[in-house]
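This report concerns only the one structure given below.
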Amino acid sequence: MENGSRHVLKPMDSEQLREYGHRVVDFIADYYKTIESFTVLSQVQPGYLHNLLPDSAPDHPETVEQVLDDVKTKILPGVTHWQSPNFFAYYPSNSSVAGFLGEMLSAGLGIVGFSWVTSPAATELEMIVLDWLAKLLNLPEHFLCKGNGGGVIQGSASEAILVVMIAARDKVLRSAGKNSLGKLVVYSSDQTHSALQKACQIAGIHPENCRVLKADSSTNYALRPELLQEAVSRDLEAGLIPFFLCGNVGTTSSAAVDPLAALGKIAKSNEIWFHVDAAYAGSACICPEYRQYIDGVETADSFNMNAHKWFLTNFDCSLLWVKDQHALTEALSTNPEFLKNKASQANLVVDYKDWQIPLGRRFRSLKLWMVLRLYGAETLKNYIRNHIKLAKDLEQLVSQDPNFEVITPRIFSLVCFRMVPIDDDENKCNSRNLELLEAVNSSGKLFISHTALSGKIVLRCAIGAPLTEEKHVKETWKVIQEKASYLLRK
C-alpha cells in the first residue's frame with residue numbers, strides 16, 4: 001500500500017494551480033511581449049515534431065519547467081502566429097485579455113452544460129449575452145430568447161450552417177414525406193464558404209441539387225436576386241423542392257455582401273429557409289454606420305456571426321440566432337432516460353444539447369460576457385473602426401502604385417489586390433502573383449493569403465489582429481513592394 005500511495009495523483013491541488021498558473025500566465029504574457037520577433041508563418045517541414053519528441057508518453061511526472069521549455073524550443077517553431085500584428089491571412093482569429101480570462105474561468109470551473117440542470121448559470125448566461133449582442137446588432141425581436149427564437153453558441157460557422165440545414169430539411173420532410181430527400185434543393189452564390197458544401201454532404205442533400213450560382217465583378221461578387229429567382233422557378237417546374245438558401249455578409253474571398261432583403265423576399269414567397277452567414281463581417285455591424293450591410297436580416301430564418309474572428313473573443317465562439325427554436329429542437333433533440341429531469345420534463349428551460357450536434361458543451365458564454373463587460377460596446381466599435389481605417393489606408397497605398405490594382409472595392413477591413421498584368425497576359429500575371437505571395441510569406445515578416453476571382457489570382461490582406469497598428473500595415477506594404485520590384489526586375 002505504502003508503495004502505491006506515492007503515486008496517488010492530486011490533479012487539482014489549489015496551491016499547485018496557483019504556482020503553475022502564474023508561470024503559464026507569465027509565459028503567455030512574455031509571448032505577447034515578444035510576438036513580433038517570431039517568424040509569422042511557420043517555416044518547418046512536415047513531420048518536424050516527430051524527430052523532436054519521444055515516441056511514447058513518460059512513465060513518471062515531469063516538471064512544468066521542462067514542459068514549458070519544450071513549448072519554447074519545439075512547439076513554438078511549428079506555430080503560425082495568428083495573434084501577430086503582421087498576420088493578415090484568411091480572416092482574423094482574435095484573442096484578448098478578456099477572452100483569455102474567460103477561457104481560464106471556463107476551464108477552471110470545468111462544467112459540461114448540455115442541459116439547464118447541469119449548470120443553470122451556463123445556459124442562462126448564454127441566453128443573456130446572445131440577447132445583448134442581438135440588441136447591439138439591432139437584430140429583429142424574433143431572434144431574442146423571450147419569444148419562439150433565440151441564440152446559441154456553436155463551435156464554428158460550419159456547425160451553425162449544418163444545424164440549421166438539418167432543421168430546415170426535417171421541417172420540409174415532415175410535410176413532403178421522408179422519401180422526398182432526393183428532391184430538396186440548396187441555393188447559394190459561388191462565393192459561399194465551403195462549409196455549405198460540407199453541410200450538404202452530411203445532411204444527405206444530393207450533389208446535383210446544390211445550385212451554386214455565379215457571382216461576378218459586375219455586382220462586386222454579390223448574388224444577383226434574378227439569378228436565384230430563375231433557378232428556383234426552374235426547380236419548381238421540374239418538381240423539385242427548393243428548401244435552403246445561404247446569403248452572405250462578408251464572403252471569404254472578397255468580403256462581398258449579398259442583397260439580403262431581395263433574397264429574403266424570394267425565399268419567403270417560396271417557403272425556403274434563409275440562412276445569413278456573417279461569420280466575418282457581422283462584428284462590424286455593431287457600428288451604426290455598417291449596420292446597413294445586414295438590412296433585410298428581418299427576412300432571415302437564421303443569422304450567424306463569429307465572435308472569435310473580429311470580436312476579441314478567443315476561439316471557439318460562433319453565435320447563431322434562429323427565428324424558430326422549435327425547428328432546431330425537433331430535428332436535434334434526444335430524451336434518454338439518463339438525462340431526464342424535472343425542469344426539462346416540465347418544459348421550463350432551454351437545454352442547449354438540443355440546439356447542436358454534440359451532447360457536451362463548454363461554458364463559452366463566460367468569455368463573451370467578459371469581453372462585453374471589460375471592454376464595453378463603444379470600445380469594441382472603435383476597435384473595429386480602427387481596423388477598417390487601416391484597411392482604407394492600405395487600399396489607398398495599393399491604388400497609388402502603378403504596378404498594382406485593387407480588385408474589388410473594400411467594404412470592411414479586407415483589401416483584395418494583385419500585381420497588374422504585363423501585355424494583358426493573365427496566365428503570366430497569375431503565376432507572378434503566386435510568386436509574390438510565396439516571396440512575401442517566406443520572408444517570415446508577415447503572412448497574407450490568396451484567392452481566385454473570375455479566374456484571377458488575387459492577394460488578400462485582412463486587417464484585424466488585435467495588436468496591428470498603422471506602422472505594421474505600412475511595413476507590410478513596403479515588404480510587398482520590395483518583393484514585387486525584385487520579381488519585375490527578374
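Report the net charge of residues surrounding ALA452, where surrounding means a beta-carbon distance below 15 angstrom and charges are Lys +1, Arg +1, Asp -1, Glu -1. Every neighbour counted, the sum reads +2.
By the scheme Lys and Arg +1, Asp and Glu -1, what is the net charge of all other residues having a beta-carbon under 11 Å from that of GLU126? Before the final figure, lay out the partial values.
Working: positive: ARG361, ARG362, ARG364; negative: GLU124, ASP131.
Value of the local net charge: +1.
Computed extension gain for SER194 through CYS287, at 0.36 nm per residue and net of the alpha carbon distance, reaches 30.7 nm. Taking square-rooted eigenvalues a ≥ b ≥ c of the alpha carbon gyration tensor, is the range 111-375 rounded, prolate or oblate, where a/c under 1.5 means rounded and, failing that, a/b exceeding b/c means prolate? Oblate shape, in that a/c is at least 1.5 and b/c is the bigger or equal ratio. Of the solvent-accessible surface of the range 30-74, computed with a 1.4 Å probe over protein heavy atoms with every protein chain present, carbon and sulfur atoms account for 55 percent.
Residues whose amide H comes within less than 5 Å of that of SER189, counting only those at least five positions distant or on another chain, are LEU213 (H built at 1.01 Å from N in the peptide plane).
The spacing between the range 253-273 and the range 75-136, judged by their C-alpha centroids, is 30 Å.
Using the Cα gyration tensor of the range 343-399, with a ≥ b ≥ c the square roots of its eigenvalues, what is the shape: rounded (a/c below 1.5), prolate (a/b larger than b/c) or oblate (neither)? All intermediate terms of the calculation are to be shown ahead of the outcome.
Numbers: a/c = 4.42, a/b = 2.60, b/c = 1.70.
Here the range 343-399 falls in the prolate category.
A simple rule links phi to the HN-Hα coupling: the Karplus curve 6.51 cos²θ - 1.76 cosθ + 1.60 with θ = phi - 60°, which for the range 307-316 gives 5, 7, 8, 9, 10, 6, 10, 3, 4, 10 Hz, with x for Gly and Pro. Taking amide H atoms as placed 1.01 Å from N in the peptide plane, the amide H of ILE407 lies under 5 Å from those of CYS416, PHE417, ARG418, each 5 or more residues away in sequence or on another chain.
Dipole magnitude of the range 111-375 about its Cα centre, charges +1 at Lys/Arg Cβ and -1 at Asp/Glu Cβ only, in debye to the nearest 20?
Values: 25 positive and 26 negative charges, 109 e Å.
For the range 111-375, the charge dipole is close to 520 debye.
Give the shape of the range 1-96 as rounded, prolate or oblate, defined through the alpha-carbon gyration tensor: a ≥ b ≥ c are the square roots of its eigenvalues, a/c under 1.5 means rounded, and otherwise the shape is prolate if a/b is larger than b/c and oblate if not. It comes out oblate by the Cα gyration axes. So, counting K/R as plus one and D/E as minus one, what does the shell of residues with Cβ under 14 Å around CYS429 add up to? Counting the neighbours of CYS429, the net charge comes to -2. Here LYS72 is the anchor, and the aspartates and glutamates within straight C-alpha reach of less than 20 Å, apart from those fewer than 8 places off in the same chain, are GLU19, ASP26, ASP30, GLU36, ASP55, GLU62. This structure gives Rg and Dmax of the Cα atoms in Å, computed directly, and of (i) 24.6, 84; (ii) 22.8, 71; (iii) 25.1, 77 that value is listed as (i). Comparing LEU459, ALA327, ALA199 along the charge dipole axis of the chain, the residue lying farthest to the positive side is ALA327, per the Cβ-charge model. Backbone amide hydrogens, once placed in the peptide plane, bring LEU184 within less than 5 Å of ILE241, excluding anything fewer than 5 places away on its chain.
Hey, what's the range 351-490 come to in accessible area per residue, 1.4 Å probe, Å²? Don't jump to the answer; show the numbers that get you there.
Working: 6260 Å² over 140 residues.
Per residue, the range 351-490 has an accessible area of 45 Å².
Phi angles of the range 447-459 translate, via the Karplus equation with coefficients 6.51, -1.76, 1.60 and θ = phi - 60°, into HN-Hα couplings of 9, 10, 10, 9, 8, 10, 10, 6, x, 9, 6, 10, 8 Hz per residue; Gly and Pro are given as x.
Go through LYS33/LYS471; LYS178/LYS265; LYS171/LYS214 and tell me which ones have a Cα-Cα distance over 19 Å in this structure. It would help to have the intermediate numbers written out before the result.
Values: LYS33/LYS471 17 Å; LYS178/LYS265 27 Å; LYS171/LYS214 28 Å.
Checking Cα-Cα distances, LYS178/LYS265; LYS171/LYS214 exceed 19 Å.
Taking all protein chains as they are arranged and a probe of 1.4 Å, the heavy atoms of LYS367 leave approximately 0 Å² accessible to solvent. Shown in residue order for the range 164-179 are the 3J(HN,Hα) couplings computed by the Karplus curve 6.51 cos²θ - 1.76 cosθ + 1.60 at θ = phi - 60°: 6, 5, 5, 4, 5, 4, 5, 4, 5, 5, 5, 9, 8, x, 5, 7 Hz (x for Gly and Pro).
The values are calculated or read from the model by the stated rules, or taken from the named source; none is laboratory data. Note that the structure is predicted; figures quoted are calculated from it, not measured. A quick note on method: Cβ atoms are made from the backbone with ideal geometry, for glycine too, and the neighbour counts reach across all protein chains shown. Remember, those area values only see protein heavy atoms, side chains included, never the ligands or the DNA or RNA. Shrake-Rupley method; radii C 1.70, N 1.55, O 1.52, S 1.80 Å.
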